[in-house]
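Input: a single structure, listed below in structure tokens.
The values are calculated or read from the model by the stated rules, or taken from the named source; none is laboratory data. Because the structure is a prediction, the values reported are computed rather than measured. Every residue, glycine among them, receives a Cβ derived from its backbone with ideal geometry; neighbour counts consider all protein chains shown. All accessible areas refer to the heavy atoms of the entire protein, side chains included, with ligands and DNA or RNA removed. Shrake-Rupley method; radii C 1.70, N 1.55, O 1.52, S 1.80 Å.
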Amino acid sequence: MASDQKDPDKERVPFMQRVLDNPFLLLFLGVTIPTVLYILWGVMELTQIPVAP
Amino acid sequence: MSEATFRTCPTTGLKVDLNAQKLIKANAVAAVVFLAIGGLFGLTVALTRWPAVHLLPADWFYLALTAHGLDVLLLWIIFFEIAVLYFASSTLLNCRIAAPRWGWVAFWMMLAGGLITNVAVLQGQSTVMFTSYPPMMAAQHFYLGLILFAVGALVAVGIFFGTLVIAREERTYEGSIPLVTFGALTAAIIAVFTLASGAVILIPTWLWSMGLISTIDPLMYKLVWWAMGHSSQQINVSAHVAVWYAIAAMLFGARPLSEKVSRGAFLLYILFLQLASAHHLLVEPGLSSEWKVFNTSYAMYLAVLGSMIHGLTVPGSIEAAQRRRGFDKGFFEWLRKAPWGNPAFSGMFMSLVMFGFLGGISGVVMGTEQINIIMHNTLYVPGHFHGTVVAGTTLAFMAITYLLIPLIFQREIRFPRLAKWQPYLFGLGVAGISLFMMGAGTLGVSRRHWDITFADAPLDFSYPEAAFLMLALNGLSAIAAALGGLFYVVVVVASVFFGRKVEGRVALEAPAGKSAVASYGSSESLKIPGTLLLVGVFFVAFVLYYFVNWKYLSDIWPMR
């Protein structure tokens, strides 16, 4: 192998590809985002409804 | 250490772990059994809604509607999705499946849960609809069955993630996972949120049914339940898009137009698709417009963008592959010369078209807070989701079954002529069901009423005559779809149990092989004029229909 040729193992992997190649990061995002934006935000709003006298 | 035994598929060259193969078979067979049961209940529901037939008495109608929703929306779909997850991880990654014994634990938990809940419904004490909103209370074992099913499915999803880890550690693939596996990963991620939400709300509801908790807040229940109820349909969307890519790759050797773009579209699903659950709560007074509009109109549109990208890239990848094979004349030779007699292709392509035109467009319309008010809780809602879950997901799953039977069950398809016509009959019926229910919903017919004539009601109310016509056409469409479903079950059962053993290579329409379906790589051609024209037609239909609904809203909401 020529010395000036890049070693493919050391080639910098683009950021988005690293994100997409990490199933557990995607799992974290895919669970956290709807939990915060849909469930927690929704639960916070429902708990603020005053109880009927 | 691995104790796996593999065989090599003579057609695709893929290594198949025999433990995974058995689990795929078991889950797929259970799925088809529940489809048959749930489909039969669905036919009785449609025939009851048809005023001239009005088949069932009220109590049986609601019982059948509960069982229909449970069996097809949850059991058929999720059993099949677990089969897809095992196929997309173990088989496509040439890898042993993680913890196969736990796979069987998951399977038996899901099966036991499904059977227990069905028994509870058939006993007549759990006619609470698929949504089971409190304060309606079902029998204790109704909730127990659902919890068992959800936990079993969660274990199966864990096995999928475990298999991804094994494949990476044992370096059974190079670079990134194949796109079909990435689509399955998307489905699995949404499944974790879905099933966990289901467990979170159903466990206290079960305790409530046992008298251990005094009340369940109905609105809180609705909020969390829909994180399961609607997100479970988003698992379907991700899974059936993965199936579209798989069929395109296996039949045509088609590669995605751009791996990055298709993965980006799946990422939009992962981040935003579950938020669409909020459209079920658009008329609830306890939630703010900010919450409603953000979760539906803003975030959901990003997920819709993902679907539109797939709607371009899946047919585009087929067009590019067909043009490479010489079908290059005009706009549509690639489509005319496609294997329309192969049920795997015809089912997949109809699923793609109907999911976009029927389920997709109506979903965006319904997800808009303002327009939603004219069709909320009308028959439009089941019309929409029969366009997504049945015309989209079920038809796609039926289509890939025609490839899985020879490749995984290693049997030839029995009754090939019946199989050839099956997707057309089922597709035609389902398109009718979706369209005519949406038509009835637009005329105001309520979603779950047993009798639209209100024959025994103390106060008169009349729907327009056209609504009766819509429900009659819906009934006829349901008969066609039920026949199509019956053909599917007959072909699958006959092939799996009595089909001739496949010896040697399976004749697929095109050079399929391992390369397209099980590796990373984009198509090198972007010459897709036919697909671009079809996408243009879709956009025109989308814009017109969207604005027509604003016009409807302005007619019923005379603020001058």
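Any idea which of B:S297, B:S289, B:S307 is of a type in the set (S, T, Y), surrounded by 21 or more Cβ atoms within 10 Å (Cβ to Cβ) and either touching a residue at least 40 places away in the same chain (Cβ under 8 Å) or touching a Phe, Trp or Tyr at 6+ places or on another chain (Cβ under 9 Å) (or both)?
B:S307
Exactly one condition in (1) surrounded by fewer than 19 Cβ atoms within 10 Å (Cβ to Cβ); (2) more than 14 Å from every other protein chain (Cβ to nearest Cβ) is false for B:V165; which is it?
Every listed condition holds for B:V165 apart from (2).
Taking the options B:V72, B:V45, B:V33, B:V16, name whichever one is under 26 Å from the mean Cα position of the chain (by Cα) and open to solvent by 50 Å² or more (accessible area, probe 1.4 Å).
Matching residue, one of B:V72, B:V45, B:V33, B:V16: B:V33.
Any chance region B:226-245 includes a residue that's among the polar types (S, T, N, Q) and part of a loop (DSSP other than H, G, I, E, B)?
Within region B:226-245, not a single residue is among the polar types (S, T, N, Q) and part of a loop (DSSP other than H, G, I, E, B).
Pull up region B:496-524, narrow it to residues that are closer than 17 Å to B:R7 by Cβ and at pLDDT 80 or above, then point me to the one that is least open to solvent (accessible area, probe 1.4 Å).
Only one residue tops the list, namely B:V502.
Residue-wise test of (1) within 14 Å of another protein chain (Cβ to nearest Cβ); (2) assigned to a helix (DSSP H, G or I).
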position: B:E290; (1), (2): yes, yes
position: B:N295; (1), (2): yes, yes
position: B:Q322; (1), (2): no, yes
position: B:G330; (1), (2): no, no
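In region B:408-433, how many residues are open to solvent by less than 10 Å² (accessible area, probe 1.4 Å), out of contact with any Lys or Arg (no Cβ under 7 Å at 6 or more places or on another chain) and aliphatic (A, V, I, L, M)?
2
Quick check on region B:168-207: of everything there that is more than 12 Å from every other protein chain (Cβ to nearest Cβ) and under 21 Å from B:A278 (Cβ atoms), which residue is surrounded by the fewest Cβ atoms within 10 Å (Cβ to Cβ)?
That would be B:A199.
Identify, by number, the condition in (1) under 20 Å from B:S525 (Cα atoms); (2) modelled with pLDDT of 95 or more; (3) surrounded by fewer than 23 Cβ atoms within 10 Å (Cβ to Cβ) that B:G316 doesn't meet.
Every listed condition holds for B:G316 apart from (3).
Would you mind telling me which numbered condition in (1) open to solvent by less than 30 Å² (accessible area, probe 1.4 Å); (2) not in a helix (DSSP H, G or I) B:A64 fails?
(2)
Please indicate, with yes or no, whether at least one residue in region B:227-241 is without any contact (Cβ under 8 Å) to a residue 24 or more places away in the chain, surrounded by fewer than 23 Cβ atoms within 10 Å (Cβ to Cβ) and within 12 Å of another protein chain (Cβ to nearest Cβ).
no
Within region B:121-140, identify whether any single residue is touching a helix residue (DSSP H, G or I) at 6+ places or on another chain (Cβ under 7 Å), of a type in the set (S, T, N, Q) and part of a helix (DSSP H, G or I), and answer yes or no.
Yes - at least one qualifying residue is present in region B:121-140.
Of everything in region B:297-320, what is of a type in the set (S, T, N, Q) and within 14 Å of chain A (Cβ to nearest Cβ)? Give them in sequence order.
Passing the criteria: only B:S297.
Just give me the residues in region B:346-363 being within 12 Å of B:H279 (Cβ to Cβ) and open to solvent by less than 10 Å² (accessible area, probe 1.4 Å), in sequence order.
If the condition is that a residue be within 12 Å of B:H279 (Cβ to Cβ) and open to solvent by less than 10 Å² (accessible area, probe 1.4 Å), then B:S362 is the only one that fits.
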